[in-house]
1. Summing -39500 (n - 2.57) over the DSSP H runs of n ≥ 4 in the chain and dividing by its residue number, what mean residue ellipticity at 222 nm do you reach, to the nearest 500 deg cm²/dmol?
2. Under a crude label model (7 Å from the Cα following the beta-carbon direction), how far is A30 from T55 in nanometres?
3. Could you order the peptides 137-143, 116-122 from most to least packed, using the average number of other C-beta atoms within 10 Å per residue?
4. Subtracting the Cα-Cα distance from 0.36 nm times the residue separation, let me have the gained length for L23 to M46 in nm, one decimal.
5. I need the peptides 35-45, 77-87 ranked by packing, meaning the mean over residues of other C-beta atoms within 10 angstrom, with the highest value on top.
6. Averaged per residue, what accessible surface does the chain expose to a 1.4 Å probe, in Å²?
7. Once the piece of chain linking V68 and R11 is laid out straight, how much longer is it, given 0.36 nm per residue of separation minus the C-alpha distance between them?
8. Please identify the helices of the chain, taking whole runs of DSSP H, that span at least 18 Å along their own axis as judged from the Cα atoms and have a mean Kyte-Doolittle score of -0.5 or higher.
Amino acid sequence: MPSVAPRRSKRLTALPALGPLYLVGIVVCATLVVEAFVDGRYTDPMLIPLVVLLTAAYGGLRQGIYLVGDQLVLRFGLGRTVVALSRVREFTIRPLPGRAGKRLLHLELLDGTQVATSVGVSRNLFSPVVRLPFEKLVALVEQLDTHRRQSH
């Protein structure tokens with residue numbers, strides 16, 4: 001039976017490029033939703049899009065790479081991928097085909113599967129990826145590789 005003990009989660013990446021915009025969206029939507037409930041407007045049709053925007057902004061803000069015990073959690077939008085560090089063969093930084101100046105961090109698993117992350121280098125300020133300077137991306141790869149070796 002798996003352990004139910006809480007494990008600490010450590011965020012390894014910075015906030016996404018649009019992080020401040022996501023924060024503003026969360027504050028505005030949450031304020032409008034709370035105001036509607038305080039006024040007793042429980043059936044206001046505007047609540048549905050506000051809740052959807054609030055959820056999307058929260059999902060965008062949580063985007064990045066997290067280390068939870070010996071597992072790597074890749075969060076993107078409202079989804080996530082969990083990969084055990086013991087299943088990772090290597091971490092690589094690859095350019096995206098047809099996108100000049102954009103590189104993403106990829107994981108190669110032991111079975112040969114390539115997993116692209118939402119973390120990379122991009123010249124576009126409004127890119128949805130978690131933007132890092134190339135030097136910090138290389139340092140992140142080294143840090144992840146160190147954790148991978150320690151998990152074996």
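The values are calculated or read from the model by the stated rules, or taken from the named source; none is laboratory data. All values reported here derive from a predicted model rather than from experimental measurement. Cβ atoms come from the backbone with ideal geometry, glycine included; neighbour counts cover every protein chain shown. The accessibility values were calculated without ligands, DNA or RNA, using every heavy atom of the protein model including side chains. Shrake-Rupley method; radii C 1.70, N 1.55, O 1.52, S 1.80 Å.
1. Helix contribution divided over all residues of the chain: -12000 deg cm²/dmol.
2. According to this spin-label approximation, the distance is 1.8 nm.
3. On the way: 137-143: 15.1, 116-122: 20.4.
Ranked from most to least packed, the peptides come out as 116-122, 137-143.
4. This chain segment gains 6.3 nm when fully extended.
5. On the way: 35-45: 10.1, 77-87: 13.0.
Averaged packing, sorted descending, gives the order 77-87, 35-45.
6. Value for the chain: 62 Å² per residue.
7. In short, 19.6 nm is gained.
8. 19-38, 47-61
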